[in-house]
Amino acid sequence: MTIQNIAQNQMSPAMMRLASGNRINSAADDAAGLAIVQNMTSQIRGLDQGTRNTMDMQAMISTAEGGLDVVSDSLNRIRELSVQALNGTNTDAQRAMIQEEIGQLAQGIQSAVSGTQYNTMNLLDGSVQNANTASSPDGTGAIVNINDMSSIAQAMTAIAEDGTFDLNAIDNAIQQVAGERANLGALQNRMDYTANANSISSINLADARSRIADADMAREMMNLQQDLVMNQMQILMQRQAQEQNENSAQRLMSTGMQ
């Protein structure tokens, strides 16, 4: 191997670091540092995926809460109609019309319960049970359960059919829906905090990884310039040595010919 080859090999680490922007490009550069960086990278990617998982779960919960909002509006209208029907000034025909509207509202509740979906999954019929958010890098997270609202539509249909206008049953249904919405709202708030915590942890880890893995560009440029100067000097010295050898050989040949 010539002096020039040796010099070029000395230059290659600095050139590689400048080209990649990384201080550690192989295990030979820093074995312990590489192991730490790999673990940090795994943790960061887990946190970022956990944040995306949290946002997906939050979107599903928001969809369910939107369906419950429709149910709540219908229940409040049913209660209003029931109070109206209990007024003694109504005729039987008028009460029958009120019952008809309550029946339509009950069907709307049933449609909301069966039709509120996220990613083809029913949300309000009890299908969502023990759903893992997987918000952490280890795959764990908040467990989501959404109660079955099907019985509410059935109860409202019964009120429309028997004409009892049972306010207690309606109030219980309203309370049930309100409780479920409160539960889902609390989960949404929890997931806001989880997503924020994940983002902060990911940023901090990325910063720590950068200090270990990223090249100091100014220092590497200085190292490269030093290597270039040394390379030029070594090439010059090699050429001078070759010239001296050639001159010596020529002198020997001249002396021999004499």
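General observations
- Sorting 114-126, 150-162 by their mean Cβ neighbour count within 10 Å, with the most densely packed peptide first, gives 150-162, 114-126.
- Mean-position separation - Cα centroids, the range 172-211 and the range 70-116, in angstrom: 36 Å
- Residue order by solvent-accessible surface for Ile212, Ile203 is Ile203, Ile212, largest first, with ligands and nucleic acids left out and a 1.4 Å probe.
- Each other residue within a Cβ distance under 15 Å of Ala96 adds +1 if Lys or Arg and -1 if Asp or Glu, for a net charge of -4.
- Net lengthening on full extension, Asp73/Arg45 (0.36 nm per residue, minus Cα-Cα): 5.9 nm
- If R0 is taken as 35 Å, the Cβ-Cβ distance between Thr89 and Asn183 corresponds to a FRET efficiency of 0.30.
- Ranked packing of 34-47, 64-77, most packed first, by mean Cβ within 10 Å: 64-77, 34-47
The values are calculated or read from the model by the stated rules, or taken from the named source; none is laboratory data. Remember, it's a predicted structure, so these values are computed and weren't measured experimentally. Note that we place each Cβ from the backbone using ideal geometry, even for glycine, and neighbour counts take in every protein chain shown. Ligands, DNA and RNA are excluded from the accessible area calculation, which covers all protein heavy atoms including side chains. Shrake-Rupley method; radii C 1.70, N 1.55, O 1.52, S 1.80 Å.
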